[in-house]
Each structure stands twice: as C-alpha cells, then as structure tokens.
Amino acid sequence: MTTKLASLQAWVDQVAKHTQPDTIYWCSGSDDEYQQLVRKMLEDGTLSALNEETHPNCYLHLSDPNDVARVEHLTYVCTETEEDAGQNNNWMSPADGHAKMDELFAGCMRGRTLYVIPYCMGPIGSRFSRCGVEITDSPYVVINMKLMTRMGAEALARIEKEGTFVKGLHSTGDLDPERRFIMHFPNELSIMSIGSGYGGNALLGKKCHALRIASYQARQEGWLAEHMLIVGLESPEGAVHYIACAFPSACGKTNLAMLIPPAELHDWKVWTLGDDIAWLHPDETGKLRAINPESGYFGVVPGTNPKTNKNAYDMIMHDAIFTNVATTDDDEPWWEGKEDGTPARDWQGRDYKEGNGPAAHPNSRFTVSAKNNPCYSNLADEPEGVPISAIVFGGRRKNVAPLVYEAKSWEHGVLVGAGTASETTAAMVGEVGVIRRDPMAMKPFCGYNFADYWSHWLSFKDRTKHLPKVFNVNWFRQNDDGDFLWPGFGENLRVLQWIIDRCEHRAGARETAIGYLPHPYDINTIGLDISAEALDELTSIDSVQCRNEMISLGEYMQSYGNRTPAELLRQQQKVLKALDEEIANA
Ligand code: OXD
Ligand code: MN
C-alpha cells in the first residue's frame, strides 16, 4: 500500500530521507497485520504473552522505567506568538521548534521500520470527524493505534478524498528524557514527538491531535474539542439523556462512562459513548451534538476490580494490551486494587519485593477496543453523534466543592468550568496530590491561550439556542478524619439522576451563591448506607472557603491579562458578592 495523494507521499518521502529508516511500511489496519506485529514483538521481547487461558490475546508491554507518563514540561505549542499559546502552554517559535526537532529526528530511524498509520478520529462517515497520519518507528504504537482509532485503508481513502490531514511524526528516539519533546504546530496541523513510547506522548491521535490540535481547529471552525467522557443514561421509562463530563486525568472518567447501576436503580441502563474525549458541535436545530473521536480506551488499570468497574474488569480479560502492570506466577496481569491473586513480578519485570514500591505502576494502563465494552453504545458509530443534555465539570477535592451543583446560566457555567481544580494524579510526571488549576480539565490539552478558550466557550451563547445545562460534581469530598463522604462508583448514578431531573425540570434545589444545590432529600438515597450528617455536608458549602476559592480563581483568570473575557470576570464578581452576602447574613 502507498498513496495516490501527492502531498502525503511527499511528506513520507521527506521524513524517510531525514530519519533514514531501513524499511517503510504502510499500515492497512487489518487484523492480520495486528497479529503479525504482535508476533514480531513477542519475538523481540517488546511484548510478552499473558495467560492464554484466563486472558486470551492479552499482551504485556513494560516501558522504559523513566517513560511512564505524559510529560507536560516537555510538551510545547509552537504558535507564531507566545501570547497565542498562552501561559497554560510551554511555547517555542515554530522556527526554533522545527530546528530543534529536525536535529533530534536526523537519522533516528536507522535500523528501524518506519510505519505509516492513516487514521480517522471519529466515525469514518461523519462530517464531524477529522483525519490524520502518524509516522512512527514503534510497532507498539501501531497496535495501540489500531485499538484506539479507526486506522488503515478506510481512513486513507477518506484522507485521499479530502486532501488534508494532521501530520504526526513520532520516534521513540533513544528514550533519553533529555532528548524528549512533544511539539505541536497548530497552524501547520502538525505534531512532532520524540523520545517517548508512552501513550499520551506517542499515540498522537489522542491528546496531541484530538485535543491540542483539534481544540485549535475547533476555535477557528466554531466547535469544541474537550477532555470529556460521553455517557448515555436510560431511565426506567426509556428516556435517554446523554451527558458529557470533564474531569482531570485519572479522576474516574472511565469508571463513570461504564457505570453499573446500584441494585436500587437496576432498571436504569448506562451506555458508554466515550471515556476521555468529546468533540461537540452545534447542530442545525440549535443543540450541541457530541462524537467520541476515539474507538478504544487507554485506561488507568490500578483500582479496577469487579466492584469498582465490572464492565472494565470484564472487557480487559481478552484482546487487551497491558502496559506496566505486574504479573502473577501464572502470567496473569496484576495490579493494586485488583483484589485477586498475588504479584510475582513487578512492572519493571523484577521479582516482586514489598520494599520496591507498588507492583504495578500507578499509571499502568490497558488498551482495548471499545467493542470489548459490554455497555458500548450502538450510537458510538453514529455519524451525527448524540445530543448533549448536560455538561458536568468535576475534580478531586477534599473540601470546598460540594457533591453536586448546577450553574445558574451558560456564562456562569463557563466560570464553573474555568474554576475546575484538582489534586494531581500519576497520569502526569510530577508530584501527586497537590491542588492545581485545571480549567475544563484541559490544562495539559488546550492548544491555545486559555483566555481565548474561555471566550470561545462563552461564544456558544450566541451560536446555539438549546445549550446544555452545566453542573459541577465532586465524588472525593472528605470529612475531617480523611474519610470519603460519598461512596462513589455505581452510586454516582444517584447524582446523575438528579442532574437529569434538573434538565427535565422535575428535581428540587436551593439557590446558593455558587449555584443550585440539591437539598439532602433531593438526592435519591433509597437503599444507600449514608449518614444524615454526611449527606448534609455533601450538599452544603462553606461560604468562607468558597469565597477564598473565588478570589484565587479571579487572580488566576486575571493573570491571563487583558485577553481574559470581561464577562467571566463579571460572573466571578457576581458570585463573590453573593458569597459576601451569605457570610454577612450567617
Ligand atoms: C489520559 C490522560 O491518558 O488524561 O487520558 O492522561
Ligand atoms: Mn485523559
């Protein structure tokens, strides 16, 4: 396979000339090709086979120990001016970015195969989908891309018809963190990544294309590319609502997207559309429609068990790639929180010893096709996507944020999104558990200046008639003893039920300075073991804490200078004033 698209052929030729691979291979995306690559990697040790009886067609990849997470400090957005990238991104001029990357890529594929991967983000036939081509020297990337995207011949046919595509060039290089960079050139629709074989740094369709480049394109074209799961909730009466939720990395998006209703809500059905990324477009009827650009899941493994996420647990029992998990004596994958089996070898392939830290890396991952998911929505391949009833923001917060609240308007909802902050997790290199601002859960992923991004969000007020309602949730609130107040997981459906009922104008709430909060009795707690005190705490706010939070959010937004939309600052002042009144009247 090659291509009849001259611009694509010319780019592949030029990259090959520069990187000097031994061979060039155009990926067809076929199952045979996947199997052949797996066989090759089993032979050279890139993969090892897991227990064929308990985990058919499952493989383990152990990455270099210093290449286990996204590297935000080495990730750049190369716009013409530094202001266009914003302080939310590392910036380099396009000329400097190219010079640096050209030097690093020179001859880097010697002795290796250059794989050309045409892919489509979103259903092949959807007007909302966008295509790209990733060139990589990693067969591990190829097999992951096969599960995560619509990859191969069909995508190539669309690319040849359209004539445009995002160019993604990747090489694992020598895995030296000193020579590791992930650069984005949004004006050229191109990405260059070297020195890492890890997921978000190397599977360029995901964070690099579907979020950073796509968010940039979405602003130009009038849509939104967001770090959101999409889930369909079908009530016992058969009404289905689709909601899109933006939570920072490793805060439970995959679990929520595959939620299993608790016994008392067994007559609800939950359908997964996506677990990480949503592309939202206003449609002709004034609604916001969402597609999931991905076709698989690259999820955090630790903590997955039949109680926390039975759907995920079942779907990774076959045809899955595991990265950086531990293994048992009989080659089953093992991770902290699996609650079955004992580790024999850790994520570095060493004999497991307690003093050596966790057996599975905290950011160990599974890759599976979405088709493995028992609650995969049959609308996930629908070209027109699904209409969104509610947008939900959330983070991991010990205090301040209540269990759930509803924004008072779209503009206020944008402020709520901009105020998202969360304790950091192992998904990125750096300290875990410190609070950081993560507006709309897009801090690592917005391909341009956040201030312009907030203006873009606000502009939807005039773009479409029936905007979704906006909510905020926090499953992670703790009491003074450090115990979680809310059980989370499947029980979160009770909160989603309130959200849907608010959309249907049939649930109660009380107005507070920060938004509409449920009364404790507005949350369905039938059969739930929760104390009245816990529920009271979850459904109330500490106005002084909220005031401090609002002040710090104001300072943060103002640090973006005069690009920060005045409307957002007006919304912040409004909430602050209402909090002042609440405090004065207390
Ligand atoms: C992810 C992330 O891998 O957000 O999805 O880090
Ligand atoms: Mn993510």
Exercise. From TRP334, TRP271, which residue is closer than 26 Å to GLY125 by Cα and modelled with pLDDT of 95 or more?
Worked result: TRP271
Exercise. If you go through segment 120-134 one residue at a time, how many are in contact (Cβ under 8 Å) with a residue 60 or more places away in the chain and surrounded by fewer than 23 Cβ atoms within 10 Å (Cβ to Cβ)?
Worked result: 6
Exercise. With respect to TYR448, is the statement that it is of a type outside the set (A, V, I, L, M, F, W, C), over 18 Å from VAL575 (Cβ atoms), touching a Cys at 6+ places or on another chain (Cβ under 6 Å) and open to solvent by less than 40 Å² (accessible area, probe 1.4 Å) true?
Worked result: no
For this session: Go through segment 1-60 and give me each residue that's under 31 Å from the mean Cα position of the chain (by Cα), in a loop (DSSP other than H, G, I, E, B) and over 22 Å from TYR198 (Cα atoms).
Result: SER28, SER30, ASN51, GLU52, THR54, HIS55, PRO56
Exercise. When segment 506-524 is examined, which residues are found to be within 30 Å of the chain's Cα centre (by Cα) and open to solvent by 30 Å² or more (accessible area, probe 1.4 Å)?
Worked result: TYR516, ASN524
For this session: Could you tell me which numbered condition ALA157 fails, if it satisfies all but one of (1) within 16 Å of ligand 2 (Cβ to nearest atom); (2) free of Cβ contacts under 8 Å to residues at least 24 places away in the same chain?
Result: (1)
Exercise. In segment 110-151, which residues are more than 19 Å from ALA225 (Cβ to Cβ) and part of a loop (DSSP other than H, G, I, E, B)?
Worked result: ARG110, GLY111, ARG112, GLY125, ASP137, SER138
Problem set entry | Residues that are surrounded by fewer than 22 Cβ atoms within 10 Å (Cβ to Cβ) and touching a Gly at 6+ places or on another chain (Cβ under 6 Å), drawn from segment 154-173 | GLY173
Exercise. Are any of the residues in segment 77-89 open to solvent by less than 30 Å² (accessible area, probe 1.4 Å), part of a loop (DSSP other than H, G, I, E, B) and of a type in the set (Ser, Thr, Tyr)?
Worked result: yes
Seminar exercise, completed: Conditions (1) open to solvent by less than 10 Å² (accessible area, probe 1.4 Å); (2) assigned to a loop (DSSP other than H, G, I, E, B); (3) within 16 Å of ligand 1 (Cβ to nearest atom) -> PRO402 fails only (3)
Exercise. So, of the residues in segment 549-569 that are of a type outside the set (A, V, I, L, M, F, W, C) and free of Cβ contacts under 8 Å to residues at least 24 places away in the same chain, which turns out to be surrounded by the most Cβ atoms within 10 Å (Cβ to Cβ)?
Worked result: GLY554
For this session: Would you mention how many residues in segment 433-445 are away from ligand 2 (no atom under 15 Å from the Cβ), of a type in the set (A, V, I, L, M, F, W, C) and either open to solvent by less than 60 Å² (accessible area, probe 1.4 Å) or modelled with pLDDT under 85 (or both)?
Result: 1
Exercise. Residues of segment 206-244 being of a type in the set (A, V, I, L, M), within 16 Å of ALA290 (Cβ to Cβ) and not in a strand (DSSP E or B), which ones?
Worked result: ALA210, LEU211, ALA214, ALA218
Problem set entry | Matching option when the condition is away from ligand 1 (no atom under 15 Å from the Cβ), open to solvent by 10 Å² or more (accessible area, probe 1.4 Å) and touching a helix residue (DSSP H, G or I) at 6+ places or on another chain (Cβ under 8 Å), among LYS465, LYS461 | LYS461
Seminar exercise, completed: Filtering segment 258-267 for residues that are open to solvent by 20 Å² or more (accessible area, probe 1.4 Å) and either within 16 Å of ligand 2 (Cβ to nearest atom) or assigned to a loop (DSSP other than H, G, I, E, B) (or both) leaves a count of 4
Seminar exercise, completed: Restricting segment 239-250 to residues that are farther than 18 Å from ARG477 by Cβ and open to solvent by less than 10 Å² (accessible area, probe 1.4 Å), the one nearest to ligand 1 (Cβ to nearest atom) turns out to be ALA246
Seminar exercise, completed: Going through (1) in contact (Cβ under 8 Å) with a residue 40 or more places away in the chain; (2) under 25 Å from THR285 (Cβ atoms) one by one, SER409 fails only at (1)
Exercise. Pick from segment 256-266 the residues that are farther than 29 Å from GLY433 by Cβ and of a type outside the set (Asp, Glu): which of them is nearest to ligand 1 (Cβ to nearest atom)?
Worked result: PRO261
For this session: Check VAL240 against each of (1) within 19 Å of GLY490 (Cα to Cα); (2) among the aliphatic types (A, V, I, L, M); (3) touching a residue at least 40 places away in the same chain (Cβ under 8 Å) and name the one condition it does not meet.
Result: (3)
Exercise. From the list LYS287, LYS253, which one is among the charged types (D, E, K, R) and within 16 Å of ligand 1 (Cβ to nearest atom)?
Worked result: LYS253
For this session: Mind listing whichever residues of segment 211-257 are within 11 Å of ligand 2 (Cβ to nearest atom) and at negative phi?
Result: LEU211, GLU226, HIS227, MET228, LEU229, ALA246, PHE247, PRO248, SER249, CYS251, LYS253, THR254
For this session: Evaluate segment 531-546: report whether one residue or more is touching a Leu at 6+ places or on another chain (Cβ under 6 Å), farther than 30 Å from ASN88 by Cβ, in contact (Cβ under 8 Å) with a residue 60 or more places away in the chain and not in a helix (DSSP H, G or I).
Result: yes
Seminar exercise, completed: Checked against (1) more than 16 Å from ligand 1 (Cβ to nearest atom); (2) at pLDDT 95 or above, ASP483 satisfies every condition except (2)
Exercise. Across segment 302-319, what is the total count of residues that are within 16 Å of ligand 1 (Cβ to nearest atom) and in a loop (DSSP other than H, G, I, E, B)?
Worked result: 4
Problem set entry | Among the candidates GLY395, GLY385, GLY413, GLY430, residue that is open to solvent by less than 20 Å² (accessible area, probe 1.4 Å) and either within 16 Å of ligand 2 (Cβ to nearest atom) or not small (Gly, Ala, Ser) (or both) | GLY395
Seminar exercise, completed: Condition set open to solvent by 10 Å² or more (accessible area, probe 1.4 Å), under 28 Å from THR323 (Cβ atoms) and in a loop (DSSP other than H, G, I, E, B), scope segment 274-301, selection farthest from ligand 2 (Cβ to nearest atom): answer is SER295
Exercise. Can you name the residue in segment 191-237 that is of a type in the set (S, T, N, Q) and crowded, with 24+ Cβ neighbours inside 10 Å and, of all such residues, is nearest to ligand 1 (Cβ to nearest atom)?
Worked result: ASN201
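The values are calculated or read from the model by the stated rules, or taken from the named source; none is laboratory data. Model, not experiment: these values are computed from the prediction. Cβ: placed from backbone, ideal geometry, glycine included. Neighbour counts: every protein chain shown. Protein only, heavy atoms only, side chains kept; ligands, DNA and RNA dropped before computing areas. Shrake-Rupley method; radii C 1.70, N 1.55, O 1.52, S 1.80 Å.
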